[in-house]
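Below: the structure, in structure tokens.
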Amino acid sequence: MPDTNKEWIESFSIFDKYAIDPSEEGVHRTTADDIYAGPDPVKVSPEDKARLEELGWHDYGTGSFHTFS
């Protein structure tokens, strides 16, 4: 899970690059311990996927990225 506000901002800035239209917010669903966010990982470049993994986001085949505490 991202540790700092800058890491959260960077994560969502990457997600925003892949929004199809301005109405997409990137957040699919949240719970107390889990966050699913961003575009379908198949749309994300390998470089951005690698950075998102460094920031604590993972592709578990859910159609978005997932992070948990």
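What full-extension length gain, to one decimal in nm, is calculated for Ile9 and Lys43 as 0.36 nm per residue of separation minus the Cα-Cα distance?
10.3 nm
When ranked by the protection proxy of mean other Cβ atoms within 10 Å per residue, highest first, what sequence do the peptides 58-65, 3-10, 34-41 form?
Highest-to-lowest ranking by the protection proxy: 34-41, 58-65, 3-10.
A short reminder: the numbers here are calculations on the coordinates, not readings from a lab. Quick caveat: nothing in here was measured; it's all calculated off a predicted structure. Every residue, glycine as well, gets a Cβ built from its backbone with ideal geometry; the counts of neighbours run over all protein chains shown.
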